[in-house]
Amino acid sequence: MTTTLTFDAPAAGAEAPAPRRRVADDTALLKAAAELTRELSAANPRIYWADFLTSAVIGYAALIATILAGSLGWALAFAAVSVLALYRAESFIHELTHMKHSTLPGFRAAWNALIGVPMLVPSFMYEGVHNLHHAKTRYGTSDDPEYLPLALMKPWTLPAFILIAALAPVGLIIRYAVLAPLSLLSPKLREAVVARYSGLVINPEFRRRPAEGEAKALWTKLEVAASVWAIALVMLVATGVLPLRAFLIMMGIASAVAVLNQVRTLVAHLWENEGEAMTVTAQYLDSVNVPPPTLLPGLWAPVGLRYHALHHLLPSVPYHNLGIAHRRLSAVLDPASPYFKANYKGLPGLMGKIARSSMTRGVRR
């Protein structure tokens, strides 16, 4: 069976107006979104725990199976399962930034123990950063840590944006095994580590402020744990306790997880804003939903990320309720509503859209 990859057009009516910063808020959409989803903001602990723990167990079991596999075919198959499962487990960091931790006691600690520290992405690298991306006056501006006008940049920036993610595991080991300990001896280096190397961001101009209070205490605990783990990992490989082959497989799977997430990030928005503040509706239209009936987005945009535009409209709704919210809104809104203009068919079409924009609009910049 062969598959022909074509650059899908957006779903019916999905061509959004430009420039998006001039789009006025659609009151009917905002009102419907608020009224139809009032009772959907409560997280279901059973779903969170079952989903996360199952993903983590499958991911690590498949990682071990990859290391022990006797043939290349089985190793690749197990590696694919490990990448997808660990990617799903790691994606819960997004939920951590939005949830009320009192409703899920112990979840953040468990996530950091099983995923955040072992994969060197402790939750403090996203908490306190991602919320800025949702600030109404920051989204799409130079103050947004998670935004770049990628669709308007030079064509070479797109493959570079994806490929650089492959080096993330190496960079994280350097950050925690080398820079973190050294920064204790140099206030100037510590300032740089906090400002530039302590956030999962894509805006190179973003500088993070030091945490305070409880957030600082949590940051310290998690950074120490991540540093101890990174140094131990290096020492285990250097002394031969951890075979080099096993280490390289671990790094390869971590790299694949980072690349997959970067591809998902590339199509999470249309990236067409040039720095001006945008209305909520404009922000929604610059974001992407890939709703059913397509199934693959459940793999490359897990834990509700397939409803990324809807999430920007309703950031307090937990991932397991976004599908319900989507169905409710789709049932009552007028077919001409801006809501449907953020719905797209799949990854190939979205990749094609941003590539065409970069090759036409980016080359003129």
Region 342-365, subset closer than 24 Å to L29 by Cα and in contact with a helix residue (DSSP H, G or I) (Cβ under 6 Å, 6 or more places away or on another chain), residue surrounded by the fewest Cβ atoms within 10 Å (Cβ to Cβ): Y344
Only one of (1) at pLDDT below 95; (2) open to solvent by 50 Å² or more (accessible area, probe 1.4 Å) is not met by M278, so which one is it? (2)
Restricting attention to helices (runs of 4 or more DSSP H) lying wholly within region 28-134, give those where 3 or more residues are of a type in the set (V, I, T), touching a residue at least 24 places away in the same chain (Cβ under 8 Å) and surrounded by fewer than 22 Cβ atoms within 10 Å (Cβ to Cβ). 45-68
Yes/no for V280 being more than 17 Å from the chain's Cα centre (by Cα) and among the β-branched types (V, I, T): yes
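Residue by residue, here is whether (1) assigned to a loop (DSSP other than H, G, I, E, B); (2) in contact with a Phe, Trp or Tyr (Cβ under 7 Å, 6 or more places away or on another chain); (3) small (G, A, S) holds:
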{"position": "A192", "(1), (2), (3)": "no, no, yes"}
{"position": "E205", "(1), (2), (3)": "yes, no, no"}
{"position": "R209", "(1), (2), (3)": "yes, no, no"}
{"position": "L218", "(1), (2), (3)": "no, yes, no"}
Please find, within region 204-261, the residue that is most open to solvent (accessible area, probe 1.4 Å) out of those that are free of Cβ contacts under 8 Å to residues at least 40 places away in the same chain and of a type in the set (S, T, N, Q). T239
Selection count, region 141-180, where residues are assigned to a helix (DSSP H, G or I) and open to solvent by 50 Å² or more (accessible area, probe 1.4 Å): 7
V259 meets each of (1) out of contact with any Pro (no Cβ under 8 Å at 6 or more places or on another chain); (2) modelled with pLDDT of 95 or more; (3) part of a loop (DSSP other than H, G, I, E, B) with one exception, condition (3)
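The values are calculated or read from the model by the stated rules, or taken from the named source; none is laboratory data. Everything numeric in this text was worked out from a predicted model, so none of it was measured. Glycine gets a Cβ as well: all are built from the backbone with ideal geometry, and neighbour counts include every protein chain shown. Ligands, DNA and RNA are stripped out before the accessible areas are found, and what is left, the full protein with its side chains, is counted by its heavy atoms. Shrake-Rupley method; radii C 1.70, N 1.55, O 1.52, S 1.80 Å.
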